[in-house]
Amino acid sequence: MAGDDSRRPIASGTRVPDAGALVASLSLEQKVRLLTGADAWSLHAEGAVGLRSMMLSDGPAGVRGAGFDPANPSSSLPCPVALAATWDEPLVTGLTRALGQEARARGVDVLLAPTVNIVRTPLNGRGFECFSEDPLLTARIAVAYVRGLQAAGVAAAVKHYVGNDSETDRHNYDARISDRVLRELYLPPFEACVSEGDVALVMAAYNSVNGSPMTANPRLIDELLKREWGFRGVVVSDWSATKTTGPSATAGLDLVMPGPNGPWGEQLLAAVRAGTVAEAQIDDKVGRLLQLAHRVGALAEIPNGKAPRKASGAVDGGPAGQGSRALVDPALLEEAATRSFVLLCNRRELLPLDQGGIRKLALIGPNALRPQTQGGGSVRVLPVARPTLAESLHAVLGPQAGVSVHQGCLNWTTVPVPSDGSLRDPQSGKPGVRLEVRDASGSLIQDEPIPDSVVTWWDTLPKAVHLPGSQLTMRARYRPGAGGPHLVGAAGVGLLRISMDGATLAEAATLPPRDMVEALSRPPEVRVPVQLMAGTEAEIRIDSRPDVRGGGFVTLRLGIAPAPSEDGLLEEAIEAARNADAVVVVVGSADGTESEGYDRDTLALPGRQDELVRRVAAANANTVVVVNSGMPVLMPWAEEVAAILQVWLPGQAFGEALAGVLLGAAEPGGRLPVTLPRAEADSPVLQADPQAGELAYDEGLLVGYRGYDRKGREPLFCFGHGLGYTDWTYESISASAATIGAGNDASVSVSVRNRGRRSGREIVQLYLEGPQDDASRPLRALAAFAAVDAEPGERAEVRLTVPARAFAHFDEQRGEWAWKAVTYTLHAGRSSRDLRLSTRITVGEGGK
């Protein structure tokens, strides 16, 4: 039973009794075997020391387990940048503790999360999986994430250490980053997870830093991470990132994934026997793995008594509660989404909508029909089904109001999958499709119904799929809701053939993308236009001969969608807007726009979405725009609409959370963790593509709002910005001491008052401004923040602690942190550009 055991915290700070004796009892062959994965997602067991296999799984916005299983969907959380938009550490800790409980119920010991890379450029395709452009906000949310997850008995693997801040050519580029910039901007979140979160694992990234691959970087792994920071856990490689044997082993890498093949194994045995890798280094790595096993309950008592008793949260054969359904509470997911929504503007106080005054609500936009709740790549899960946006709004508005839904325009790059209920298995007649797998001889290996038209094998491919000549066939009967022109798309890597009612319509071979994860997020596609009759079924068949080429997965995807005139879609939306009391336009990213494996080409919304917003707003002054994207997008219409909500990629609770916020049941509680630019060129950093194999971080410390401030550029919406449904005044600020010693924290109190008509939450932000004698440093930087709740008219005092490190700089000549005896200004306010109170504090002589 999962029960209380599944909530057992990881044994933080404890050590395996007689760990040295356990390691010494193993042969060199046994020890080296443990240092490479048993397969893609599990580690080797070793009965001689009572060690069971441990399972690893991707996160961080859910837990997938070893593969995609439609029969066992996962809780889909708001994406990490949305969690950072809450600026709410306790909420994140509670949410990830629940996520950890679900992970344990799935048999998962290690979740590959959180991602704490800095949002260096808004073009980063994986930016939604990071927390923020600011190191302090990233660190605070990251530590909260780690603490919650590990409190549930699941080990966190913080990633991607370090400099993996772009996706283009991520396996090969060399990030050129100065020591000062590394120490002050990119390393602090990792350091906080180690020193404050006692994180169990750190994942070494694909890229190199300053000439050394991160899987073989002794300066950053052995010297800094393990020796200086005192990291006691396991350094695991990103999947297939390790390319060397001796250099990676001696640099401090502990575990190579995936397995069972790789650059260690027999090669590492030979290196130890040749004396190029010391056996003591192997012993240290195995000892760290045993400590990890102890923390997650993977060490069991054995007859000779050498191993410790199994931890209270473990059961024979796997973690507590394996196979049970410990899904995250939907109410918690809705609260997290609500707290992450950022109200960017609210002209005429249109929001919350007056429920009593709405008889007709027009829900418009491509993302109103097909919202993006999660990003692409390894973060992806098969989510629990929840109400649609329209269903959620219907439920809140009640029968007295009508909600009409209009697409408005197209924004997709891959033909969407058909709507629920429009496909059925031609063999059984049940909803879904029929999938067959055959080997090169034509023998049937697999024949089964599946519930939807996307199938992905993630590292657990049927044997036949790996072999030349294998074939996949997907068959379905499709009943269109409306007649007219349609597009049929077959997506995957390899030879693809589309047939309808027995006739071949198209056949072509697609090539593997540069990064194989792209084949999961936006697989290459063969398309064909067809004419269909409403209510008349057509039999669709896709045949595929997959081209695996060493990739870890195969995707086959059938898309079918009407292909109406976009001018017609636009005119229909405008007419609906004219006749509505209020309009909600949902625009944003399309499926495959934001993903691991590639960066975005532009910040502009895809398709004709900008035109849609402008024309709808011209037709109805009561237009609310909901921006459904994980990273910043351009909003050239921002001055033309009544209200804008940034909702990120909000997970499965999108519908309920949006309905609650629009109609006032809840307040949008988010603040921007990234800056939103007016124009693409305004962003301090746009370069995501390496040049001649190098990615130069020439902007130094001036990333995000720091760059905007120093260069005097006005963003559209600044870092930290966010409105609520009430108003706040900032009344006073005081520091506990006018002077502090170098190396000491500072305490500051800020008084605020809710002067609005409803209760609300404020995020009090504190920014530190130092002497302006160095143009390479930011004008000011976030130094502390705290959330406060207050009733109408209520005054609240917020106490904040500015960490000593905020007053320091990294001295590259001395190789250490240093403090100057100078006076700083501390600004308190609602955002990085709305600073309402100030006080001064002087740092004394001395320091570390």
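The values are calculated or read from the model by the stated rules, or taken from the named source; none is laboratory data. Source: prediction; values computed, not measured. Cβ atoms come from the backbone with ideal geometry, glycine included; neighbour counts cover every protein chain shown. Heads up: the accessible areas ignore ligands, DNA and RNA and are worked out on the full protein's heavy atoms, side chains in. Shrake-Rupley method; radii C 1.70, N 1.55, O 1.52, S 1.80 Å.
Order 496-503, 290-297, 513-520, 139-146 from most to least packed using the mean count of other Cβ atoms within 10 Å.
Descending mean neighbour count gives 139-146, 290-297, 513-520, 496-503.
Can you pull the one-decimal nm distance between simple spin-label points at Thr602 and Ala563, each 7 Å off the Cα toward Cβ?
In this crude label model, Thr602 to Ala563 measures out at 2.2 nm.
Quick one: compute the contact order of the chain, relative version, from alpha carbon pairs under 8 angstrom and 6+ residues apart, as a percent.
Over the chain, the number comes to 15 percent.
Along Cα→Cβ, 7 Å out, is where each label goes; now give me the distance between the ones at Ser419 and Ser25 in nm to one decimal.
About 6.3 nm, to one decimal.
Which FRET efficiency value, to the nearest 0.05, is calculated for Asp354 and Thr276 with the Förster distance at 56 angstrom and r the Cβ-Cβ distance?
Working: r = 74 Å, r/R0 = 1.33.
Result of the calculation: an efficiency of 0.15.
Could you work out how much longer the chain between Glu791 and Lys711 gets when fully extended? Use 0.36 nm per residue separation minus the Cα distance between them, nm to one decimal.
24.9 nm
Could you give the length gained by full extension between Asn172 and Arg840, i.e. 0.36 nm per residue of separation minus their alpha carbon distance, to one decimal place?
Full-extension gain reported as 235.9 nm.
Using the Cβ atoms and a cut-off under 13 Å, what net charge is assigned to the surroundings of Cys79, where Lys and Arg are +1 and Asp and Glu are -1?
Summing Lys/Arg as +1 and Asp/Glu as -1 gives -1.
Cβ under 15 Å from Ala336's Cβ, Ala336 left aside: what net charge do those residues give with Lys, Arg +1 and Asp, Glu -1?
On the way: positive: Arg97, Arg339, Arg386, Arg671, Arg761; negative: Asp88, Glu89, Glu102, Asp329, Glu334, Glu335, Glu656, Glu667.
Combined, the nearby Lys, Arg, Asp and Glu give -3.
Could you pull the accessible area for Ile445 with a 1.4 Å probe, rounded to 10 Å²?
Ignoring ligands and nucleic acids, Ile445 comes out at about 90 Å².
Check Ser74: other-chain or 5+ apart residues with amide H under 5 Å from its amide H, H built from backbone geometry?
Here Leu382, Val384 satisfy the definition.
With a 1.4 Å probe and all protein chains left in place, how much accessible area per residue does the range 511-595 have, in Å²? Mind dumping the intermediate values first?
Values: 3310 Å² over 85 residues.
Result: 39 Å² per residue.
With 32 Å as the limit, write out which pairs from Lys31/Lys226; Lys360/Lys430; Lys711/Lys820 have Cα-Cα distances beyond it, or answer none.
Too far apart for the 32 Å limit: Lys360/Lys430.
What accessible area per residue, rounded to a whole number of Å², is obtained for the range 741-820 using a probe radius of 1.4 Å?
That works out to 45 Å² per residue.
Under 5 Å between amide H atoms, partner at least 5 residues away or on a different chain: which partners does Asp452 have, H built in plane at 1.01 Å?
Val433
Taking all protein chains together and a probe of 1.4 Å, list Met635, Met533 from the most accessible to the least accessible.
Met533, Met635
How much of the accessible area of the chain, probe 1.4 Å, is carbon plus sulfur, in whole percent?
Numbers: 14310 of 29620 Å².
Of all accessible area on the chain, carbon and sulfur atoms account for 48 percent.
On a full-extension model of 0.36 nm per residue, what is the gain between Gln427 and Trp229, subtracting their alpha-carbon distance, rounded to one decimal in nm?
Contour length minus Cα-Cα distance gives 65.2 nm.
Which of the peptides 766-778, 809-821, 86-98 is most tightly packed, and how do the rest follow, judged by the mean count of other Cβ atoms within 10 Å per residue? Present the calculation step by step, with values, prior to reporting the outcome.
Values: 766-778: 16.3, 809-821: 13.8, 86-98: 23.3.
So the peptides 766-778, 809-821, 86-98, ranked by packing, come out 86-98, 766-778, 809-821.
Would you mind calculating the relative contact order of the range 741-821 from Cα pairs under 8 angstrom and at least 6 residues apart, reporting the percent as a whole number? Could the numbers behind the result be given before it?
Values: 139 pairs, mean separation 31.9, N = 81.
Answer for the range 741-821 is 39 percent.
Just by accessible area at a 1.4 angstrom probe, what is the order of Ser749, Ser428, Ser237 from largest to smallest?
Final ranking, largest accessible area leading: Ser428, Ser749, Ser237.
Per residue, what volume in Å³ does the convex hull of the Cα atoms of the chain enclose? Could you put the intermediate results ahead of the total?
Details: hull volume 142.7 nm³, N = 848.
Taking only Cα atoms, the chain has a hull volume of 168 Å³ per residue.
Given the whole protein assembly as supplied and a 1.4 Å probe, what does the accessible area of Asp745 come to in Å², nearest 10?
Roughly 90 Å² of Asp745 is accessible to a 1.4 Å probe.
Return the distance in nm (one decimal) between the two label points of a simple spin-label model at Ala665 and Glu694, each offset 7 Å from Cα along Cα→Cβ.
It works out to 5.6 nm between the two label points.
May I ask you to derive the FRET efficiency for Asp811 and Ala679 from their Cβ-Cβ distance with R0 = 41 Å, giving the value to the nearest 0.05?
Efficiency, from the Cβ-Cβ distance: 0.65.
For Ala638, put the label point 7 Å out on the Cα→Cβ axis and report which residues of the range 706-743 keep their amide N under 17 Å from it.
706-724
So what does Glu667 come to for accessible area, using a 1.4 Å probe and Å² rounded to 10?
Spelled out: Glu667, probe radius 1.4 Å, area about 30 Å².
Accessible area per residue, 1.4 Å probe, Å², for the range 364-449: what's the number?
Accessible surface, normalised per residue, equals 44 Å².
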